[in-house]
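Engineer: I'd like to ask you about the structure that follows.
The values are calculated or read from the model by the stated rules, or taken from the named source; none is laboratory data. Everything numeric here is computed off the predicted structure, so don't read it as measured data. So basically every Cβ, Gly included, is an ideal-geometry build from the backbone, and we count neighbours across all protein chains shown. These area figures cover heavy atoms from the full protein model, side chains too; ligands, DNA and RNA do not enter into them. Shrake-Rupley method; radii C 1.70, N 1.55, O 1.52, S 1.80 Å.
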Amino acid sequence: MHLFTPYTDEWKLEESDIKTVAELFAQDYGTENTNPTKLLLFLYAKGILAAKSSVVRKAEFQEILAAETTEAKKALERLTTIVEKGETTPTRFKMEADSVFDDFVTKHKEWKAEDSFVVFRDRQNLKGKSHALVERLQKHYLVAMDNDKKVPMLNMAEYLKKYMPGDRLYQHIWNNRGGDSLDFLENILKERPDSENIVTLSNKVLADTEMDKLVKSYGPGLVSGFCVAKDFVGTDWQHLGKYKVEKFEGRHAMVLVGYRIVDGKKRYLLQNWWKSKPYVEVDVDYLLSSRATIHFIKEKQLEMGDYPSNLEALVECESGIDASENFIPDDN
């Protein structure tokens, strides 16, 4: 029996995969590592850095597992979450997701007004539904809008462990990069929508489009490629108007879930996944300055994809790390 055989089901490995990675592991370690950690085996099992030389591969794996630098510690935390810990619902945050929004509305009563609309509050089938992180959050909303039964959330840690290819796992673990948000959303839907069923707004098209009608008709919009300005990293709930910065802090993804009208102009509510900033109000000018692209799925989604699910009301992928530290670094 290979070292990897016990994890066949847990990591969704094929027999051919096991043979290949076992040979690679033997090439790197021979008989010198007879009791490897589960984390190390996972890196080999998923083919991470399989195309690199043995020296490079072993060095990179050792750097992460030793966790002697700040970045390596964060990478090890992401790896451990996927392989061992799974998603967590910390006691202090174990609450119904509705209460997070209720707390927001208590502080910002303008979102109780009649001239406001919020998808999960004002669409009957979504009342009381759980919600959490970005692409799976939008997928959850899209399915829940057309169902009366309780709809679970995608279990992200289990999904990454079983279905994410090695090259994207590397980017996630080492560089905290999740890949293209729209591509990920399309992959986890039961039926991948064709291009005709996706409304994409960016640049001038965004300014000229009435997103209030889109969110009412099609449900939440996926906000991707959102460039994070330094002032956005704080706890302010409202960001309005055009702005310019020399360099953005990074890129981020959120979900557009509602709108309200102020002096005849629309402001939009973004659902975030940062504990310190769960909802953000913006206008079109701010979205344009942030270079955001917004996607709406026109086609009704009646079923979740056949992936691991989580019925917890509120979850974190990286416990102990404030999510506002985890947007994608800006390389430009």
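Engineer: For the residue pair T235 and E114, what label-to-label distance in nm results when each label sits 7 Å from Cα along the Cα-to-beta-carbon direction?
Structural biologist: 3.5
Engineer: Ok, one more. Suppose R0 equals 45 Å; then what is the FRET efficiency for I261 and N35 from their Cβ-Cβ distance, rounded to the nearest 0.05?
Structural biologist: Calculated value: 0.10.
Engineer: Another one. Subtracting the Cα-Cα distance from 0.36 nm times the residue separation, let me have the gained length for T70 to T200 in nm, one decimal.
Structural biologist: Roughly 43.1 nm would be gained on extension.
Engineer: Just grab the label-to-label distance for D167 and K213, each label 7 Å out from Cα along the Cβ direction, in nm (one decimal).
Structural biologist: Distance between label points: 4.0 nm.
Engineer: Could you sort M156, M254 by accessible area so the largest value comes first, with the probe set to 1.4 Å?
Structural biologist: M156, M254
Engineer: Further question on the same structure: Take the residue pairs K204/K275; K242/K265; K107/K230; K204/K265 and return only those whose Cα atoms are more than 22 Å apart.
Structural biologist: Listed pairs above 22 Å: K204/K275; K107/K230.
Engineer: Subtract the Cα-Cα distance of Q27 and K12 from 0.36 nm times their separation in residues, and report this length gain in nm to one decimal.
Structural biologist: Net length gain for the segment: 3.1 nm.
Engineer: Could you please put S53, S202 in sequence from largest to smallest accessible area, using a 1.4 Å probe?
Structural biologist: S53, S202
Engineer: Keeping all protein chains in place and using 1.4 angstrom, which order do T235, T37 fall into by accessible surface area, from largest down?
Structural biologist: Solvent-accessible surface, decreasing: T235, T37.
Engineer: Taking the Cβ of Y7 as the center, what net charge do the other residues with Cβ under 11 Å away carry, scoring Lys and Arg +1 and Asp and Glu -1?
Structural biologist: It works out to a net charge of +2.
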